[in-house]
Each structure stands twice: as C-alpha cells, then as structure tokens.
Amino acid sequence: MDLIAVVLNWNGGDDTLDALASLDGVPTICVDNGSTDGSDERVAERFREVELLRTGANLGFAGGNNVGIRRALGRGADWVLLLNNDAAAEPGLAEALERAAAVRPDAGLLACTILSEDGKSVQFAGASFDARLGYSGRVATQWPDRVRDIGRADGAALAVSRTAVERAGLLDESLFMYVEDVEWSLRVRAAGYGIVFVPDARVRHKGSGSSGGRASTTNLYYSVRNTIAVSERHAPLPTGLRALRRAVVVGTHLAQAASHPARADAMRAVIEGWLAARAGKTGSR
C-alpha cells in the first residue's frame, strides 16, 4: 500500500506541527492554506522531509485538501490519508489502513476512529446520512471492535483510494468547508466503492480548529447551507417536500444553536445558511 498523508495547515499555530510529528515515517505533504503567522516557515524548518505546498489563500477544506491529493497522486500514491491539522495519529495508523485495504479491496474511503484529545472517549466510530431527510444519523461513539461498512466518513481523518478519486472525483470545492466529507462519501459509494470503518486506525482530535473553536458560529452556517445543498443534489424532491426537508434541517440546527455560547449569533448563522442555500450560494461565506 503506497500511502501518502496530507495535512492541511489552516490557522497556523503549533497544531500542525503536532499533526506532522505524529506521522513520523509516513510520507507526508503539508498544504499551507493561506496561514499568516509564519507557521509555514516553522514547518519547513522542522520537517525537512515533508513536502510543503503553499496555496497563497484560504481555499477551504475541500480546495486545500484537493491540492494535496493531486500532488500525492502525482507522486504515485495508491491511497491518500487526510488528517486535520488539529488531529494527531496514534501509532500503527498506517499499518491498520494497509490491513483494511487488503481485506476490503472494494473500499474507496477508509474512515478512522476519531478519539477525543485525551484519548479517553470516542468522537467518531461511524455514522450515516439520509439525503432524503437531510439527516446525518447519530454518530457512533462506542469503542469499535471490527472493520465494517458505514454510511459516511469523517473528514478529520480518512483515506481515499486512487481509483475512487479517478472514478468519483475530488472533494467538492463549492462547499468550501463542512459536509464535504458527507457529499464525498455519497459520491464514492455511488461510484461502486465501499465506505469502510477501520477501528485500529486511530487519531486524537481537538475539533473545531478550522472554524475558530466552539465560540465560532461558522460551522453552523456552513452545516445548514451545505446539508441542504448536498441533500437536494443527491435526493431531489418535489417542491413541497423540498421545502419541508429544508425546514427540518433549519429546525435541527436552530435547536443546536439554542445551547451555543453565543446564542444570538448562532441563530443568525443558521438563518444566514438557510438563505444562502435558497439563493444557491457556494464557496466561502
């Protein structure tokens, strides 16, 4: 298994350095996605074996990772591991992915176990997505014990095969950030590949680093807008049912916003996301 990892440097700081250090021994590409704090220079100085690509602007999660994926495939990778810059690989991750790829040659995406930062709890061990309802099913948070098929991968840590990219395409850059992993999972499955969960491929994840942390409302805006867009693309409905699905998506997110630390801003972000979806807005907010 020829695996190359891609780490996306979003907002600078030391998280990216920790992510890269955790991939010791794995050929790695770091895509600097428009950072402005000099962290790209620290990467270049400390990790001379890592190939550093500078985009010169924030291309979003999809755009930045696509830069890295294209380069990894150009270097001959059969599989490309995407790792968030606020995540760190646990020992044995690459070997676990290799074993899973051998057992499941039909896999297009290999989803990792995503643990909390302290490693004591599970953030992600598989999930589903029903495009007809615009509903992302409850995320499994039990300690996993077997390789199995799941509905969708999580972009914080996943591996994609060369053949899946060639048949299904890259991440959708129009989504910019959030839900693009869901959309990719749907597209990869439609191309005939499995979305396979690998329990022994583990990473620790801080979470929300790319969108500004828990106080940010960015995730709510993109989640609403992109959930509606992805649902309507993959499961078109008549006008009345489409409006009902949008209402379900907005209502679900308003319920989340009600407990947000910045409640008023969170509510506003949800409504802005809905209006953006109605207007067909894509790309950056």
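Some values worked out for this structure:
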read-out	value
Whole-Hz ³J(HN,Hα) from phi, Karplus 6.51 cos²θ - 1.76 cosθ + 1.60, for region 183-196, glycine and proline x	4, 4, 4, 4, 6, 5, 5, 4, 7, x, 10, x, 9, 10
Total formal charge among the other residues, if their Cβ is under 11 angstrom from that of G155, Lys/Arg +1 and Asp/Glu -1	-3
Other-chain or far-sequence residues with amide H under 5 Å of G13's (modelled H)	S39
Interchain or long-range residues, amide H under 5 Å from F129's placed H	G137
Diffusion constant of region 133-234 at 37 °C, which comes from Stokes-Einstein with the Kirkwood Cα-pair radius and 0.692 mPa s, µm²/s	220 µm²/s
Gaussian network model of the chain, Cα within-10 Å springs - most flexible of D15, D37, D106	D37
Positive-pole candidate from A107, F176, A156, dipole of region 106-236, charges at beta carbon	A156
Two-site FRET efficiency, D145 against R167, from Cβ-Cβ distance with R₀ of 25 Å, rounded to 0.05	0.20
Assigned charges on the beta-carbon of Lys, Arg, Asp, Glu; region 224-279 dipole about Cα centre (debye)	120 debye
Full-extension gain in nm, R263 to R233, via 0.36 nm per residue minus C-alpha separation	7.8 nm
Rounded to whole Hz, the Karplus (6.51, -1.76, 1.60) HN-Hα couplings of region 93-98, x for glycine and proline	4, 4, 5, 5, 5, 5
Karplus-derived HN-Hα couplings along region 109-121 (A = 6.51, B = -1.76, C = 1.60, θ = phi - 60°), whole Hz, x at Gly and Pro	10, 10, 9, 8, 6, 10, 9, 5, 4, 8, x, 8, 9
Whole-percent pair-distance distribution, where bins are 5 Å wide, for the alpha carbons of the chain	1, 6, 13, 17, 19, 18, 14, 8, 4, 1, 0, 0
Order of D32, D172, D149 - criterion: other Cβ atoms within 10 Å of each residue's Cβ, fewest first	D149, D172, D32
Mean residue ellipticity (222 nm) of the chain, computed from DSSP H runs ≥ 4 via -39,500 (n - 2.57), nearest 500	-12500 deg cm²/dmol
Computed Kirkwood radius, in angstrom, where 1/r is averaged over Cα pairs of region 218-279	11.5 Å
Residue exposure sequence - R75, R204 - by fewest surrounding Cβ within 10 Å	R75, R204
Percentage relative contact order, the chain, counting C-alpha pairs under 8 Å, at least six apart	19 percent
Part-to-part distance (alpha-carbon centres) for region 212-285 and region 37-106, which is given in Å	29 Å
Dipole of region 218-279 [Lys/Arg +1, Asp/Glu -1 at C-beta], most positive-end residue of V249, I271, L237	L237
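Read-outs: derived from the displayed coordinates by stated rules, not from any lab. In this text the structure is predicted, and so the values were computed from the model without any measurement. Every residue, glycine as well, gets a Cβ built from its backbone with ideal geometry; the counts of neighbours run over all protein chains shown.
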